[in-house]
Structure formats: structure tokens, C-alpha cells
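See below for the structure under consideration.
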Amino acid sequence: MTLEQKKSLALFLDRAAALLGDGYLRPGESFDEPDAADGTVADGTVADGDTTGAGNTDDITAAAVDTAAGDTMEGIAADIRSCRACPLGTGKTYAVPGEGADDPLVLVLGEGPGQDEDRTGRPFVGRAGQLLDRMLASIGLRREENCFIANVVKCRPPENRDPEPTEIAACAPFLRRQIGRLKPRIILCVGRIAANAALGNAEMQSIGSLRGRFYPYRAGPEGPESPVPLIATYHPSALLRNEDLKRPAWEDLKLLRSRLDALNPRRS
Ligand code: URA
């Protein structure tokens, strides 16, 4: 059997298993037990063949991401820290610009800093963050090595409330600059707020309806599409509250891994 035939068979079996309700997260598998450290997924996942996002970030259009010559991640972080464009900027302890690799495969996008993040200035450091790290590790990703972790809003909304649309809009230029600078291969949105913000949805849609497929990243409701593929899944906080969501989240992560492997097998 040729490699291509093996890949087709693996893809067929994988999809058949999902269709029959077996899903990807089999008994004994969990985010606590990552697959192979080299990034391969243990059960033979192959590229999913999705064609919705080009994934060639060399083509990133300047309008969809804000690219300015000489813009640096440090410069963007400094601008975030001094920003007072919305009330969150005055209420915070520390702004949380984000952290990770300079040349990431994946930009992970959350909602906004919580209490632990506000106290430390670092993204996803609480319980949800620890689970996020395990989710990434399960598909061979690590925040320091090949991911950048950021949020839609960079300052903590009080009492962990959802960020207001005006606050998301005020912070959006920072995200566009970060994406323009980082040129991630894929954007992974965790949770409803991040997914709707990154897709530029005027009407909020449920994460259940958005997850499980790729979209082209879009910077704001009026923003043009960029060729960076985006996939959304459940927020790790939701997985902590509801174990049943781990299986579909795992399916989403495997789709992401397949797309990464198809885009850039040498780097991942
Ligand atoms: N939840 C988020 O969405 N972002 C964080 O940084 C932490 C928790």
C-alpha cells in the first residue's frame, strides 16, 4: 500500500469512528496523557483535506492585520501597557499582552485576563491555563516553543464579566498588530468570546455552532478576510466545568494538528 493510500485509509477510519460516535477521545485518552512528544498524534491522523483557509501567511493582507514596518512585539506590549482607550485600562493591575514563541505555529486566542493573569501580567496561568497547556501538549505544542498565547482584551474585565463590544473593539488593533507581526500558521480561538471576536461576528454565536471547522481569520465585522485559517473550540474553563466537552475539544485539536501537518510538516 502506498503512503497516500495509507493516509486515505487512516482518514476514512478516523472519520468513520467519529461518525459511529466513538469519537477521538477513546477510553484512557485524556489531555493529561499527551501523545508522542514529537508532535505526531497517536492514532494516525492525517491532513483533513479542508480547503476553506489557504494558510499561507506570506499572503497576509495588510488590511486584515496591522503590519507596520519596525513594529515589534515589545513595542506592541508597551503600547498595550500604556493604553487607556477603554475603562479596563484604568481598572487593571497588570495588562496581559501575551507571551510565547516569536515565530509561532499557532496563536491561541482567549477571552481576557482573569484574576491570576491580572496579578501576574501573564496569560492563562490559572487552572484553565494549566489545562490549556495540557491540551496543547496533547498535539505536540508548547507555549514557549511554537505557540503564542494572547487574549481578545488585554486588561481584566472586573468580576470576570464578559468584555463589552466597545472594549473588544478598542483592543482589536493590538491583536491585529500582533497577528501581523507573528504571522501564525493557524489561530486557535478558545471560547465563544474569542471566536466571535476573531470572526468579526456582529451577532454572538454559540461555540458549539462555531467549533469543528476552519474559517479565514477576519479582523472585525467590516474587516477583510485574511488567509490565516482559524479554528475555534471550547474554552478550557468550560472543559473544567463539563467533562463531556473534552471529546469534541479533542476532535478540534486533532483537526488543528492535521492542518498544521499539511501546512508545514517540517517545522511541527
Ligand atoms: N481565560 C482567558 O480567556 N484568558 C486568560 O488569559 C485566562 C483565562
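The values are calculated or read from the model by the stated rules, or taken from the named source; none is laboratory data. Treat the numbers as computed from the prediction; the structure is a model and nothing was measured. Counting neighbours? That spans all protein chains shown, and the Cβs are built from the backbone with ideal geometry, glycine included. With ligands, DNA and RNA removed, areas are computed over all heavy atoms of the protein, side chains included. Shrake-Rupley method; radii C 1.70, N 1.55, O 1.52, S 1.80 Å.
Go through region 195-229 and report how many residues are in a helix (DSSP H, G or I), crowded, with 18+ Cβ neighbours inside 10 Å and not β-branched (Val, Ile, Thr). Count: 6. Pairs meeting the criteria (first residue in region 109-128 and in a strand (DSSP E or B), second residue open to solvent by less than 20 Å² (accessible area, probe 1.4 Å) and within 8 Å of the ligand (Cβ to nearest atom), beta carbons under 6 Å, at least 6 apart or on different chains) are LEU109/ALA194; GLY110/ASN151; GLY110/VAL190; GLY110/ALA194. For GLY70, the conditions (1) at positive phi; (2) more than 10 Å from the ligand (Cβ to nearest atom); (3) modelled with pLDDT of 95 or more all hold with the exception of (3). Applying a threshold of 6 Å to beta carbon distances and a minimum spacing of six or more residues, or different chains, the list of pairs starting in region 187-204 at a residue that is over 19 Å from LYS254 (Cβ atoms) and of a type outside the set (D, E, K, R) and ending at one that is more than 12 Å from the ligand (Cβ to nearest atom) and assigned to a helix (DSSP H, G or I) reads ALA197/ILE168; MET204/ASN196.
Being more than 10 Å from the ligand (Cβ to nearest atom), open to solvent by less than 50 Å² (accessible area, probe 1.4 Å) and in contact (Cβ under 8 Å) with a residue 12 or more places away in the chain is true for just one of LEU136, LEU132. Which residue is that? Just one listed residue meets the conditions, LEU136.
Restricting to region 73-103, name every residue that is open to solvent by less than 60 Å² (accessible area, probe 1.4 Å) and within 16 Å of the ligand (Cβ to nearest atom). Step through it out loud before you land on a result.
Residues of region 73-103 open to solvent by less than 60 Å² (accessible area, probe 1.4 Å): 73, 75-78, 80, 83, 86, 88-89, 92, 95-101.
If the condition is that a residue be open to solvent by less than 60 Å² (accessible area, probe 1.4 Å) and within 16 Å of the ligand (Cβ to nearest atom), then ALA77, ILE80, LEU88, LYS92, ALA95, VAL96, PRO97, GLY98, GLU99, GLY100 are the ones that fit.
Can you find even one residue in region 104-118 that is open to solvent by 40 Å² or more (accessible area, probe 1.4 Å) and more than 10 Å from the ligand (Cβ to nearest atom)? Among the residues of region 104-118, not one is open to solvent by 40 Å² or more (accessible area, probe 1.4 Å) and more than 10 Å from the ligand (Cβ to nearest atom), which makes the answer no. Evaluated against (1) modelled with pLDDT under 95; (2) within 16 Å of the ligand (Cβ to nearest atom), LEU245 falls short on exactly one condition, (1).
With respect to GLU145, determine if the residue is in contact with a strand residue (DSSP E or B) (Cβ under 9 Å, 6 or more places away or on another chain) and away from the ligand (no atom under 12 Å from the Cβ). It would help to see each step written out before you state the result.
Numbers: in contact with a strand residue (DSSP E or B) (Cβ under 9 Å, 6 or more places away or on another chain): yes; away from the ligand (no atom under 12 Å from the Cβ): yes.
So GLU145 fits the description; yes.
Scanning region 230-251 for residues that are touching a residue at least 60 places away in the same chain (Cβ under 8 Å) and either in a loop (DSSP other than H, G, I, E, B) or open to solvent by less than 20 Å² (accessible area, probe 1.4 Å) (or both) yields LEU230, HIS235, PRO236, LEU239, ALA249, TRP250. Every condition in (1) within 8 Å of the ligand (Cβ to nearest atom); (2) surrounded by 18 or more Cβ atoms within 10 Å (Cβ to Cβ) is met by ALA150 except one, and the failing one is (1). Every condition in (1) surrounded by fewer than 18 Cβ atoms within 10 Å (Cβ to Cβ); (2) within 16 Å of the ligand (Cβ to nearest atom); (3) at pLDDT 95 or above is met by ASN160 except one, and the failing one is (3).
Among the residues of region 187-194, is there at least one that is part of a helix (DSSP H, G or I), touching a strand residue (DSSP E or B) at 6+ places or on another chain (Cβ under 7 Å), of a type in the set (Gly, Ala, Ser) and open to solvent by less than 60 Å² (accessible area, probe 1.4 Å)? Looking for residues that are part of a helix (DSSP H, G or I), touching a strand residue (DSSP E or B) at 6+ places or on another chain (Cβ under 7 Å), of a type in the set (Gly, Ala, Ser) and open to solvent by less than 60 Å² (accessible area, probe 1.4 Å), one finds at least one in region 187-194, hence yes.
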